[in-house]
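Working notes for the structure below.
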Amino acid sequence: AVRHLIKIQYEGCNETELKEGQERLNDAYDSYVKKYGYLTSQANARAFRDDGDYPLLCSLEMVDEDGIVTKADMFTKQTIKAKESIESVETAVEALNISVNEFNGVNIPFMLSIYEPDISDMKKDVAAKENEERKGTAGQEVSVEDIGFSEKLTKELQRAKMIEELKGIIFLNPVSYNENNPDAGWEAADEYLSGNVRDKLRIAGAHAMENPELFADNVAALEKVQPKDLDASEIDVRIGTTWIEPKDYETFIYELLNT
């Protein structure tokens, strides 16, 4: 009954559905408490000690300092806001923020499904390139309207435009880069420019030599977040530090204790 009530609220139920779900929960709870006592009682704690759902059941009761038990708000109020489905946004940054919230990362196809970049200038560039190639031929100049932009080409232009708008905010990680899937490998700046940035810079530098157009920006951004080198005197290592090999501890003990 609890899970049903959570589910219908999350999906967006109306007032009647909510009331019916709460009545079902109240009936089940009252019947149980009448027979076995409060869910948070010691007897029920022992009975449910191996049940992973017991904490969920305990959340149905509020116990004050005097041990008085009352029902939680779920029995009488809407406690969960329905998930809002966002169909469109105005900027690439908004699309990125929603993608991170929904997918915990950069989901290019999803972002393009809710954000449509303005690619009018890019279409003009395509027409200009087409006219440049026609110079010296009998062909007449073409306009943007004359060129039939296929759905595939339009998607590619929109994708390129959105990534351009997010320059410096998202980065293509060379480790997860896939030349056959241009949507793969993208990470938000706070994720890419953190962690082992020294190793990331080394990898980005190697890839930038082969694909500077793709990874030159990575190198520049990673160079700005490199930690300064420490002198030996600034390094303090405690025994038990996990990144030191056991054999090094062994050698240290042998040398220290002269064994």
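The values are calculated or read from the model by the stated rules, or taken from the named source; none is laboratory data. None of the values given here were measured: they were computed from a predicted structure. All Cβ positions, glycine included, derive from the backbone under ideal geometry; neighbour counts span all protein chains shown. Calculation scope for accessible area: heavy atoms of the full protein, side chains included, ligands and nucleic acids excluded. Shrake-Rupley method; radii C 1.70, N 1.55, O 1.52, S 1.80 Å.
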Let me have the 222 nm mean residue ellipticity of the chain computed from DSSP H runs of 4+ only, each contributing -39500 (n - 2.57), with the sum over all residues rounded to the nearest 500. -16000 deg cm²/dmol
Rounded to the nearest 0.05, FRET efficiency between Asn258 and Asn211 (Cβ-Cβ, R0 51 Å) equals 0.40
With the charge dipole of the chain built from beta-carbon charges (+1 for Lys and Arg, -1 for Asp and Glu) about the Cα centre, the Cα from Gln78, Ile203, Ser150 projecting farthest to the positive end belongs to Gln78
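Once you order the gyration tensor axes a ≥ b ≥ c over the Cα atoms, which shape class does region 138-259 get: rounded for a/c under 1.5, otherwise prolate or oblate by comparing a/b with b/c?
Taking the square roots of the gyration eigenvalues as a ≥ b ≥ c, region 138-259 is prolate.
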Approximate spin-label separation Lys83-Lys7, in nm, with each point projected 7 Å along Cα-to-Cβ: 1.3
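With the full set of protein chains in place, find how many percent of the accessible area of the chain is carbon and sulfur; take the probe as 1.4 Å.
After summing per-atom areas, the C and S share lands at 50 percent.
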Mean accessible area per residue over the chain (1.4 angstrom probe, all protein chains present, square angstrom) is 71
Sort out for me the Cα centre separation of region 156-175 from region 212-259, rounded to whole Å. 33
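Please compute the length gained on full extension between Phe48 and Glu116, using 0.36 nm multiplied by the number of residues separating them and subtracting their Cα-Cα distance.
Using 0.36 nm per residue and subtracting the Cα-Cα distance, I get 19.3 nm.
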Let me check against my output: what whole-number percent is the relative contact order of region 1-117, with C-alpha pairs under 8 Å and at least 6 apart? 24
Sequence ranges 161-173, 33-45, ranked by mean other-Cβ count within 10 angstrom, highest first: 161-173, 33-45
Expressed in nm to one decimal, what extension gain is obtained for the pair Thr91 and Arg198 from 0.36 nm per residue of sequence separation less their Cα-Cα distance? 35.3 nm
Tell me, what is the percent relative contact order of the chain, built from C-alpha pairs under 8 Å that lie six or more residues apart? 11
Could you work out how much longer the chain between Ser233 and Asp183 gets when fully extended? Use 0.36 nm per residue separation minus the Cα distance between them, nm to one decimal. 13.4 nm
Where nothing but the Cβ of Lys and Arg (+1) and of Asp and Glu (-1) is charged, how large is the charge dipole of region 164-259 around its Cα centre, in debye to the nearest 20? 180
Hits among aspartates and glutamates - C-alpha to C-alpha of Lys35 under 13 Å, sequence gap 8 or more where chains match: Asp27
Going from most exposed to least, what order do Asp51, Asp121, Asp236 have by accessible area with a 1.4 Å probe? Asp236, Asp121, Asp51
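For region 151-245, what is the relative contact order in percent, using Cα pairs closer than 8 Å and at least 6 residues apart in sequence? Don't jump to the answer; show the numbers that get you there.
Values: 65 pairs, mean separation 20.0, N = 95.
Relative CO of region 151-245 lands at 21 percent.
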Reachable lysines, given that their alpha-carbon falls under 27 Å from the alpha-carbon of Lys83 and they are not under 8 places away in the same chain: Lys7, Lys19, Lys71
Using a Förster radius of 51 Å, what is the FRET efficiency between Tyr249 and Val175 based on their Cβ-Cβ separation? Nearest 0.05, please. 0.95
³J(HN,Hα) across region 113-119 via Karplus (A = 6.51, B = -1.76, C = 1.60, θ = phi - 60°), whole Hz, x for Gly/Pro? 6, 10, 9, 10, x, 7, 10
When the charge dipole of the chain is computed with +1 at the Cβ of Lys and Arg and -1 at the Cβ of Asp and Glu, the Cα pointing farthest to the positive end, of Gln9, Phe171, Thr251, is that of Gln9
Let me know the shape class of the chain, please: from the alpha-carbon gyration tensor, a ≥ b ≥ c as square roots of the eigenvalues, rounded when a/c is under 1.5, otherwise prolate if a/b is greater than b/c, or oblate. oblate
Checking the cross-link filter: which lysines have an alpha carbon closer than 26 Å to that of Lys152, excluding same-chain neighbours under 8 positions apart? Lys123, Lys124, Lys129, Lys161, Lys167
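Rounded to the nearest 20 Debye, what is the dipole magnitude of the chain about its Cα centre when Lys and Arg each give +1 and Asp and Glu each give -1 at the C-beta?
Its charge dipole is roughly 680 debye.
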